[in-house]
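Trainee: First the structure, which I've put down as structure tokens, then a few questions once you've had a look.
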Amino acid sequence: MTDDATFEEGREAPVNLGAMDPEDLQVISSLVQDAVFPITEMTWRSGEGRFALLLNRFRWEDQGQSRHAPERVQSVLAVDNVLRVASQGIDRSDKGTILSLLSIEFQPGEEGTGYLLLTLAGDGALRLEVEALEVTLKDVTRPYRAPSGKTPEHGD
């Protein structure tokens, strides 16, 4: 005999997380692993000290994958207190480029400052110099079936 699913197990709650220390950032990094985004969905507002990406992230936290196809969701990854943004291995003039985010890591400096390193597939990277670590991840759409119908392969 099998038990029916409970209401709580079927709850679909959007992610809305913040990270102000490296441990919390690891949680966000694991949730955005294998997220894809068009190069045109990167925004750097130097006057506001804010850098943001609109990602199509795989729903690693989804406990219902055995009941339905793998899903993605659009999410905003925002970094505040940004002083400078640098990129490597990215042709920003090619507006058709789709990038894949592999990980986010904080490299601490002095007195709370440091660098946020966003590692991309294909040897690309973004490096954000920050006054303080402040990152948010917020789902902004309902989940949708992953176009590939598959779970991304990755090495943890």
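Trainee: Give the stretch 100-128 a look and list any residue that's under 18 Å from residue 55 (Cβ atoms) and at pLDDT below 95, or say none.
Mentor: The answer is 121, 122, 124.
Trainee: Hey, among 84, 72, 92, 50, which residue is under 20 Å from residue 151 (Cβ atoms), of a type in the set (Lys, Arg) and touching a residue at least 24 places away in the same chain (Cβ under 8 Å)? Break it down into steps so the answer makes sense when it comes.
Mentor: Numbers: 84 fails: under 20 Å from residue 151 (Cβ atoms); 92 fails: under 20 Å from residue 151 (Cβ atoms); 50 fails: under 20 Å from residue 151 (Cβ atoms).
Criteria check complete, one pass: 72.
The values are calculated or read from the model by the stated rules, or taken from the named source; none is laboratory data. Computed from a prediction, not measured in an experiment: that's the story for all the values here. Reconstructed Cβ throughout: ideal geometry from the backbone, glycine too, with neighbour counts over all protein chains shown.
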